[in-house]
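The values are calculated or read from the model by the stated rules, or taken from the named source; none is laboratory data. Predicted model only: the values in this text are computed from it and were never measured. Every residue, glycine as well, gets a Cβ built from its backbone with ideal geometry; the counts of neighbours run over all protein chains shown. SASA here: full protein model, heavy atoms, side chains in, ligands and nucleic acids out. Shrake-Rupley method; radii C 1.70, N 1.55, O 1.52, S 1.80 Å.
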Amino acid sequence: MNQFLLYVGYGLVTAAVLSLSAVALTLQYAVSRVANLAHGELLTIGAYGAYEALQLTGSVPFAALGAVVAGGLAGIAMNVGLIERFAGRPAITIVIATLGVSLVLQNVLTIIFGAANKVYLIDQGSPHHIGPFVLTDAEMLVTLSAVVVATLLYLLLQRTKFGKALRAVSDNRELATASGIPARKVITATWGIAGMIAGFAGFVLAETIGTFTPSLGFGY
């Protein structure tokens, strides 16, 4: 029974991180109506951005920042370089295009970083009993960070002018444009935000699991 609860606790930590990835994908789909099959590569790019920042600075906060920046830039580039280019095409065409981007990115990352697994050497801290679960300092921080990011995103969408513009574009892009909302800029910014969240999720997921690769995503 104790072993089962340990697995449940670990599963909750992983689910908290995956929820961030799901939120990022939902944002992208809300403004573009595109099922982005290259979304997983945003997580991988974030993981590599964090890995490089960690190698350079040895700082976990800077690693997280590296993941956010790398994911955000990749999200914007994906929208400007691909999604906008296929505007007005059938949805299946864009989906196939994102699949192509996914394969290209996997191979580019393999060329740059190699196919071997990368490992984060981050101290996990001491284990603590939280109710029936046993979580390390790192796992508690990961779960808390997921809650904080989700809360900040909720406030952004519900309490800011940009959030209202995003929801307007999501509901009806043509009407939003006619109302004076710069829909293209809103969509680009949304892809950037979604990329930042996905990049951060990639970092914390890879740190939680302990290893990742460019071609297979995340593995044990």
- Message: For the range 115-136, check the following and say yes or no: at least one residue is open to solvent by 50 Å² or more (accessible area, probe 1.4 Å) and on the phi > 0 side of the Ramachandran plot.
- Response: yes
- Query: List pairs: first in the range 7-29 and among the hydroxyl-bearing types (S, T, Y), second buried (at least 19 other Cβ atoms within 10 Å of the Cβ) and in a helix (DSSP H, G or I), Cβ under 7 Å, 6+ apart or cross-chain?
  - Reply: T14/T208; S19/A146; S21/L43; S21/A198; S21/A201
- Filtering helices (runs of 4 or more DSSP H) wholly in the range 108-220 for at least 1 residues that are at pLDDT 90 or above and either basic (K, R) or within 20 Å of G75 (Cβ to Cβ) (or both) gives 137-159, 161-171, 183-209
- Of the conditions (1) more than 20 Å from K185 (Cα to Cα); (2) open to solvent by less than 20 Å² (accessible area, probe 1.4 Å), T93 clears all except one; give me its number. (2)
- Quick one: in the range 59-86, of everything that is small (G, A, S) and more than 17 Å from the chain's Cα centre (by Cα), which residue is least open to solvent (accessible area, probe 1.4 Å)? S59
